[in-house]
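Novice: Can you keep this structure in mind? I'll have questions shortly.
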Amino acid sequence: MYVLVTGGIGYIGSHIVLELMKLDIKVIIIDNLSNSSIKVLDRIIIISNKIPLFFNIDINDENKLDWLFLNYKISTVIHLAGFKSVGDSVKNPINYYHNNIGGTITLLTVMKKYNVYDIIFSSSATVYGVTKLMPISEKCALNPINPYGKTKLYIENLLLDIFKSNIQWNVIILRYFNPVGAHKSGLIGDNPSLIPNNLMPYITQVAVKKLEKLFIYGKDYNTKDGTGIRDYIHVVDLAVGHVKALFYMQNKHICEIFNLGTGIGYSVLELVKTFEAVSGVKINFTFVDRRAGDLDIIYADSSLAREKLEFHPQFNLDDMCTDSWIFQKNNPDGYL
Ligand code: WQD
C-alpha cells in the first residue's frame, strides 16, 4: 500500500515525503512542477538513499489520476497540491478556484472510484481571516479575506460534506501557521520561484545579497515593537505533524481539524534579530507602509494537536533561522 503525496516536490511536501520515507512508508509523489523544481526529487533521493515513485501529474488531469489509482494500491492521500500565493490569488481568483477546488474535486472523484477514503488535507491559518481572539483555536470564526484562503475553506467544507455522505471517508484537516526553516542537510528548503512574498525567504535572499534590503511592512501595529507577530513553525515539525496525523487516523472513522503551530508568536523584528544572531549576517531593512490584508498578531492554540496527535514541535526560532540560512547559503540561486 502506498501513501500518495500530492504536491510532494514542493517546499512542505518534500519534507513530508522525507519523514514518511524515514519510517519506510511507501510513497508516491505527484506534482505538476508548476511551482517546484524536479531537482528536489534528486535531493530527496540523496537524503533518503531511496527512490520514491514520482509522476508528473496535475490533480486536474482525471485520466492520469485514474491510471495512477488503477495501477497502484493507495491507502491514504496527503493532499498539498495547489496554488498558495495570497497576492496572486487576489489578481487571479479564477485560476485559484479552478486549480485548488476543481483539482481537489477531481482527486476526490478518482479516490472514491477506487475506494480510497482516507485523506489528510493541507489547509491554512488564512481560513480564520480577521480575528482579535488570540491564540486562535480550531473553534474560532472562519472568515478568509483573500481568494487563496477562501479556496482552502471551500475545500475544508467539501471534505466535511463528503465525510457525512459516506461512512467510509476519513478526513484530517491540518491548518498551517507560518512554515519556515529547512531540512538540516541544507539540500531542500523554501525556494520561491519569484521575488519572495514571505518574510523568511526574503530575509535569506537579502543575506545572500540576491535582494538589496528587507522592506518591513508597517511598524505601527499594536504589538511590543510595532511589527507584525506570527506563529513560525519549523517545516520539519510541520512534516512530522502529518506523520502523526497519518498514524492517528488508522482504524478510526474520523473527521477532525488541527492547528499546526508552535503557539508562540514572534514579531518581524524579533525574527530579523534572531536571524542576524545565528547567521552573523546584518540584514538591511527599512520600514514601509503596512501590506494590505496583514493582521497585527496571529498565533495558534495547538493544544488539540498536542493532545490528540501527540504533536510537540521540537525546533525553536534559532533552529528555524539557522536551517533557513544554511539552505539559502548552499543554494544561493535556488535549485540549479
Ligand atoms: C509574515 C510577517 C508581514 C514579507 C502567509 C500567507 C499564509 C501562509 C503563510 C500559505 C507579516 C511581514 C513579510 C516582507 C514583511 N501561506 N513581512 N516584509 O502573511 O503571515 O502568511 O504565509 O498558507 O497563507 O498569508 O506570512 O511571511 O508573508 O509575513 O514585513 O517582505 O512578515 O507583514 O507581519 P503571512 P509572511
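The values are calculated or read from the model by the stated rules, or taken from the named source; none is laboratory data. Fair warning: this is a prediction, and the values are worked out from it, not measured in the lab. Methodologically, a virtual Cβ is constructed for each residue, glycine included, from the backbone with ideal geometry; neighbour enumeration extends over all protein chains shown. Side chains included, ligands, DNA and RNA excluded: accessible areas come from the protein's heavy atoms. Shrake-Rupley method; radii C 1.70, N 1.55, O 1.52, S 1.80 Å.
Novice: So which residues in segment 290-318 are open to solvent by 50 Å² or more (accessible area, probe 1.4 Å) and more than 21 Å from Gly129 (Cβ to Cβ)?
Specialist: Answer for segment 290-318, where residues must be open to solvent by 50 Å² or more (accessible area, probe 1.4 Å) and more than 21 Å from Gly129 (Cβ to Cβ): Ser303, Arg306, Glu307, Lys308, Glu310, His312, Gln314, Phe315, Asn316, Asp318.
Novice: Being more than 17 Å from Ser124 (Cα to Cα), of a type outside the set (D, E, K, R) and open to solvent by 10 Å² or more (accessible area, probe 1.4 Å) is the filter here, so list the residues in segment 167-189 that pass it.
Specialist: Start the filter on segment 167-189 by keeping residues that are more than 17 Å from Ser124 (Cα to Cα), which leaves 167-170, 181-189.
Add one more test, that the residue is of a type outside the set (D, E, K, R), and what stays is 167-170, 181-183, 185-189.
Those that are more than 17 Å from Ser124 (Cα to Cα), of a type outside the set (D, E, K, R) and open to solvent by 10 Å² or more (accessible area, probe 1.4 Å): Ile167, Gln168, Asn170, His183, Ser185, Leu187.
Novice: If you scan segment 83-92, which residues turn out to be open to solvent by 30 Å² or more (accessible area, probe 1.4 Å) and under 20 Å from the mean Cα position of the chain (by Cα)?
Specialist: Narrowing segment 83-92 to residues open to solvent by 30 Å² or more (accessible area, probe 1.4 Å): 83-84, 86-88, 90-92.
Matches in segment 83-92: Phe83, Lys84, Val86, Gly87, Asp88, Val90.
Novice: List every residue pair whose Cβ atoms lie under 6 Å apart, where the two residues are 6 or more positions apart in sequence or sit on different chains, the first residue falls within segment 80-93 and is closer than 20 Å to Ile16 by Cα and modelled with pLDDT of 95 or more, and the second residue, located anywhere, is part of a loop (DSSP other than H, G, I, E, B) and away from the ligand (no atom under 11 Å from the Cβ).
Specialist: Pairs that qualify, where the first residue is closer than 20 Å to Ile16 by Cα and modelled with pLDDT of 95 or more and the partner is part of a loop (DSSP other than H, G, I, E, B) and away from the ligand (no atom under 11 Å from the Cβ), are Leu80/Gly7; Ala81/Gly7; Ala81/Ile59.
Novice: Here's another thing I want to ask about it. Can you say whether Gly87 is at positive phi and within 13 Å of the ligand (Cβ to nearest atom), as far as the supplied structure shows?
Specialist: no
Novice: For Glu62, are the conditions met, namely being open to solvent by 50 Å² or more (accessible area, probe 1.4 Å), in contact with a helix residue (DSSP H, G or I) (Cβ under 6 Å, 6 or more places away or on another chain) and not hydrophobic (A, V, I, L, M, F, W, C)? Break it down into steps so the answer makes sense when it comes.
Specialist: Details: open to solvent by 50 Å² or more (accessible area, probe 1.4 Å): yes; in contact with a helix residue (DSSP H, G or I) (Cβ under 6 Å, 6 or more places away or on another chain): yes; not hydrophobic (A, V, I, L, M, F, W, C): yes.
In short, yes.
Novice: Is segment 178-191 home to any residue that is closer than 30 Å to Trp325 by Cα and in contact with a Leu (Cβ under 6 Å, 6 or more places away or on another chain)? Write out each step before concluding.
Specialist: So in segment 178-191, the residues closer than 30 Å to Trp325 by Cα come out as 178-191.
If we keep only those that are in contact with a Leu (Cβ under 6 Å, 6 or more places away or on another chain) as well, we get 179.
Among the residues of segment 178-191, at least one is closer than 30 Å to Trp325 by Cα and in contact with a Leu (Cβ under 6 Å, 6 or more places away or on another chain), which makes the answer yes.
Yes/no per residue for (1) aromatic (Phe, Trp, Tyr); (2) in contact with a strand residue (DSSP E or B) (Cβ under 9 Å, 6 or more places away or on another chain); (3) within 17 Å of Val272 (Cβ to Cβ):
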{"position": "Asp294", "(1), (2), (3)": "no, yes, yes"}
{"position": "Ala305", "(1), (2), (3)": "no, yes, no"}
{"position": "Phe311", "(1), (2), (3)": "yes, yes, no"}
{"position": "Gln314", "(1), (2), (3)": "no, yes, no"}
{"position": "Leu336", "(1), (2), (3)": "no, no, no"}
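Novice: What about Lys273, is it within 16 Å of the ligand (Cβ to nearest atom), open to solvent by 40 Å² or more (accessible area, probe 1.4 Å) and free of Cβ contacts under 8 Å to residues at least 60 places away in the same chain? Spell out how you get there, then give the answer.
Specialist: Details: within 16 Å of the ligand (Cβ to nearest atom): yes; open to solvent by 40 Å² or more (accessible area, probe 1.4 Å): yes; free of Cβ contacts under 8 Å to residues at least 60 places away in the same chain: yes.
Judged against the criteria, Lys273 is a match.
Novice: Does segment 114-133 hold any residues that are open to solvent by 40 Å² or more (accessible area, probe 1.4 Å) and closer than 16 Å to Thr6 by Cβ, and which are they?
Specialist: Tyr114
Novice: Filtering segment 167-199 down to residues that are more than 18 Å from Thr262 (Cα to Cα) and charged (D, E, K, R), which residue is farthest from the ligand (Cβ to nearest atom)?
Specialist: This residue is Lys184.
Novice: Answer yes or no: is there a residue in segment 208-225 that is more than 10 Å from the ligand (Cβ to nearest atom) and of a type in the set (Ser, Thr, Tyr).
Specialist: Within segment 208-225, not a single residue is more than 10 Å from the ligand (Cβ to nearest atom) and of a type in the set (Ser, Thr, Tyr).
Novice: Are there any pairs, at least 6 apart or on different chains, whose C-beta atoms fall under 6 Å, with the first in segment 194-214 and closer than 14 Å to Pro179 by Cα and in contact (Cβ under 8 Å) with a residue 40 or more places away in the chain and the second within 9 Å of the ligand (Cβ to nearest atom) and hydrophobic (A, V, I, L, M, F, W, C), and if so, which?
Specialist: Filtered contacts from segment 194-214: Met200/Val180.
Novice: Out of Tyr217, Tyr176, Tyr154, which single residue is more than 30 Å from Asn115 (Cβ to Cβ) and in contact (Cβ under 8 Å) with a residue 12 or more places away in the chain? Give the derivation first.
Specialist: Numbers: Tyr176 fails: more than 30 Å from Asn115 (Cβ to Cβ); Tyr154 fails: more than 30 Å from Asn115 (Cβ to Cβ).
Exactly one residue qualifies, and that residue is Tyr217.
Novice: Given the residues Ile173, Ile216, Ile203, Ile195, which is the only one that is modelled with pLDDT of 95 or more and closer than 18 Å to Ala292 by Cα? Break it down stepwise before answering.
Specialist: Details: Ile173 fails: closer than 18 Å to Ala292 by Cα; Ile203 fails: closer than 18 Å to Ala292 by Cα; Ile195 fails: modelled with pLDDT of 95 or more.
It is Ile216.
Novice: Turning to a different aspect of this structure: Search segment 104-139 for residues being in a helix (DSSP H, G or I) and hydrophobic (A, V, I, L, M, F, W, C), and hand back the single one that is nearest to the ligand (Cβ to nearest atom).
Specialist: Narrowing segment 104-139 to residues in a helix (DSSP H, G or I): 104-113, 125-128.
Next, only the ones that are hydrophobic (A, V, I, L, M, F, W, C) stay: 105, 107-108, 110-111, 125, 127.
Values: Ile105: 20, Leu107: 19, Leu108: 21, Val110: 25, Met111: 23, Ala125: 7, Val127: 9 Å.
Among them, the one singled out is Ala125.
Novice: Looking at segment 148-163, which of its residues are open to solvent by 50 Å² or more (accessible area, probe 1.4 Å) and either over 28 Å from Lys252 (Cα atoms) or not in a helix (DSSP H, G or I) (or both)?
Specialist: Lys150
Novice: Could you tell me how many of the residues in segment 67-89 are assigned to a helix (DSSP H, G or I) and in contact with a Phe, Trp or Tyr (Cβ under 8 Å, 6 or more places away or on another chain)?
Specialist: Let us first name the residues in segment 67-89 that are assigned to a helix (DSSP H, G or I), namely 67-71, 86-89.
Filter once more, so that each one left must be in contact with a Phe, Trp or Tyr (Cβ under 8 Å, 6 or more places away or on another chain): 68-70, 86, 88-89.
Residues that pass the stated criteria total 6.
Novice: Quick test of your reading of the structure: Ile145 fulfils all but one of (1) in contact with a Phe, Trp or Tyr (Cβ under 8 Å, 6 or more places away or on another chain); (2) over 21 Å from Ile172 (Cβ atoms); (3) assigned to a loop (DSSP other than H, G, I, E, B). Name the failing condition by number.
Specialist: The number of the failed condition is (1).
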